[in-house]
Ligand SMILES: O=C(O)CCC(=O)C(=O)O
């Protein structure tokens, strides 16, 4: 597909699926690396490896510099690419029971004072997902989407969070379709595309997304591993970051030390200093930038991540985002 075709497909469908972007060998190598790393994680729940831990695992962080992924991102988003290193590996994030769809940008309606950028036809912000197993109905392995649902936001009809909750989410719920991803596929999807984790018919009711209960029900060879991070046209990342700061203050500061704090984890990382030199070099060659706070700005987030010393940050705000400086 030409760059023009890929960009058109992304705009029309809200996503682009790169079939077989990773070889079977690449998938096997990453999958083999993950269980011992997860075993050593002290954070709970053990379903999420956060940005800081991901940067210690070469087969994981090297994905950000994967030539096929960068090439596709560039074709879709243009030359001025920026990554937001909200890098995470999710393990067995498989819901049971109520499983409403969500949009990755939905919190921006609540936390950002002005969310009109979301209806700008040129706004480009997406998530990259690398799937390390097939998406099946028994143990799941990927996501369901509402095809072309991103247009509900993009055309201005999604004007409030309340409207989303009361009307649109119900409509999306009825039209969700399993996306038939295979191990090694990479999905690049618009932050406005409705999606949810695919449910698994083999798992019982004690498999909760936000705890470790039930994870043992999934045999390791069928374990669901997905690597995600964000990518934007340079400049369009600022809104996501502003929202993340507000969410971290409001939601993550209340969690105990050692709990899941993905936003504090990546906000506390300074690029390029805190990154593996091998990754920095590759991204430099490819011309991919990485969003980062300065050391001075990042340190309080690092402290909040490591020591739970987030009181000062939490007190700074009532949870409402301010426009980024
Ligand atoms: O289960 C998955 O892979 C998707 C999780 C999800 O919806 C998200 O991270 O936004």
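From the list 7, 113, the one residue that fits, being away from the ligand (no atom under 15 Å from the Cβ) and either under 23 Å from residue 179 (Cβ atoms) or surrounded by 22 or more Cβ atoms within 10 Å (Cβ to Cβ) (or both), is 7. Within the option set 75, 113, being part of a loop (DSSP other than H, G, I, E, B) and in contact (Cβ under 8 Å) with a residue 12 or more places away in the chain holds for one residue only, 113.
Please verify whether residue 55 is away from the ligand (no atom under 15 Å from the Cβ), touching a residue at least 24 places away in the same chain (Cβ under 8 Å), farther than 29 Å from residue 192 by Cβ and surrounded by fewer than 22 Cβ atoms within 10 Å (Cβ to Cβ), treating the condition exactly as stated. No, not satisfied. Would it be correct to say that residue 180 is within 12 Å of the ligand (Cβ to nearest atom), within 21 Å of the chain's Cα centre (by Cα) and within 28 Å of residue 47 (Cα to Cα)? No: the conditions fail for residue 180. Please specify each residue of the stretch 85-110 satisfying the condition of being in a strand (DSSP E or B) and touching a helix residue (DSSP H, G or I) at 6+ places or on another chain (Cβ under 7 Å). Passing the criteria: 85, 86, 87, 88, 89, 91. The residue that is farthest from the ligand (Cβ to nearest atom), among those in the stretch 130-146 that are at pLDDT 90 or above and touching a helix residue (DSSP H, G or I) at 6+ places or on another chain (Cβ under 6 Å), is 146.
Residues checked against (1) under 16 Å from the mean Cα position of the chain (by Cα); (2) modelled with pLDDT under 95:
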site	(1), (2)
184	no, no
188	yes, no
191	yes, no
197	yes, yes
206	no, yes
219	no, yes
222	no, yes
231	yes, no
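Looking at 127, 68, just one residue is over 28 Å from residue 260 (Cα atoms) and either more than 16 Å from the ligand (Cβ to nearest atom) or buried (at least 18 other Cβ atoms within 10 Å of the Cβ) (or both), and that residue is 68. For residue 100, the conditions (1) at negative phi; (2) surrounded by 15 or more Cβ atoms within 10 Å (Cβ to Cβ); (3) within 14 Å of the ligand (Cβ to nearest atom) are fulfilled apart from (2). When the stretch 12-37 is filtered for residues that are surrounded by fewer than 18 Cβ atoms within 10 Å (Cβ to Cβ), assigned to a helix (DSSP H, G or I) and either modelled with pLDDT under 95 or out of contact with any helix residue (DSSP H, G or I) (no Cβ under 8 Å at 6 or more places or on another chain) (or both), the ones remaining, listed by number, are 12, 24, 25, 28, 31, 32, 35, 36, 37.
The values are calculated or read from the model by the stated rules, or taken from the named source; none is laboratory data. Just so it is clear, the model here is predicted, and its values are computed rather than measured. In this analysis, Cβ positions are derived from the backbone assuming ideal geometry, glycine residues included, and neighbour counts consider all displayed protein chains.
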